[in-house]
Amino acid sequence: MAISLETATRLSTEMVRVMKLFGSLRTHAPKVRPGLEPASYPILFSLTAGPQRVSLLAEHVYSDVSTVSRQVTTLVSDGLLEKVTDPHDGRVCMVSLSNEGVALVEHLKASRGEWFRQLMLDWEPADAQLFADYLERFAMSFEVLKAIPFPASEAMTLDASKATTVEVSE
């Protein structure tokens, strides 16, 4: 059974609010490593699964190959990634975390985990576990649907000449 439009709208509004809060935090957060942009974190975290080709890495971090390629070049020169030969095709290069990259990812995981633990100090452990389960489920649903184009329907287009004012009571 589908959720109500009211619930979907509430979820959407709260997700935007949370994304804005995270964006604000990112701006004010101390740099873990000078020169390392937070935009590179998804690449580092994705490589914990093992070496990958840049094209596959781009898919995993939902970005284009040219952007990821530039980021990988910087991360290699910073000593966080290493270029390795693809064991299945010696002509192809892959990237993997260096020892320094592994240590940085572990530090990021621990500091993020502690930050979330502090953030949720007033939560019951069972509630936090449920939230984590639901968030994981939401992320998986999002990943499945990201490939499906959002349908533009007549009902969703804004026609100012047909707009009406709706009074909302609180």
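The values are calculated or read from the model by the stated rules, or taken from the named source; none is laboratory data. Just so we're clear, the structure is a prediction, and the values are computed from it rather than from any experiment. Neighbour counts are summed over all protein chains in view; Cβ atoms, including those assigned to glycine, are modelled from backbone coordinates with ideal geometry. Surface areas here come from the heavy atoms of the whole protein model, side chains and all, with no ligands, DNA or RNA. Shrake-Rupley method; radii C 1.70, N 1.55, O 1.52, S 1.80 Å.
Accessible surface for VAL18 stands near 60 Å², nearest 10, in the context of the full protein assembly shown (1.4 Å probe).
Computed from phi, the 3J(HN,Hα) profile of segment 119-124 under the Karplus parametrisation 6.51, -1.76, 1.60 (θ = phi - 60°) reads 4, 10, 4, 8, 8, 6 Hz, with x in place of Gly and Pro. In the set [x] 1.05; [y] 1.35; [z] 1.22, the label that goes with Cα Rg over 2.2 N^0.38 Å computed for this structure is [y].
Between the exposed loop cleavage positions of the chain, defined as trypsin sites (Lys or Arg not before Pro) in a non-H, G, I, E, B DSSP state with at most 14 neighbouring beta-carbon atoms within 10 angstrom, the longest gap is 32-145. Heavy-atom surface analysis with a 1.4 Å probe gives the chain a carbon and sulfur content of 60 percent of its accessible area. Taking a sphere under 13 Å around the Cβ of SER111 and counting the other residues whose Cβ falls inside, with K and R at +1 and D and E at -1, yields a net charge of +3. The phi torsions of segment 85-97, fed into the Karplus equation with coefficients 6.51, -1.76 and 1.60 and a -60° offset, translate into couplings of 7, 5, x, 8, 8, x, 7, 9, 9, 10, 10, 9, 5 Hz, rounded to whole numbers, with Gly and Pro shown as x.
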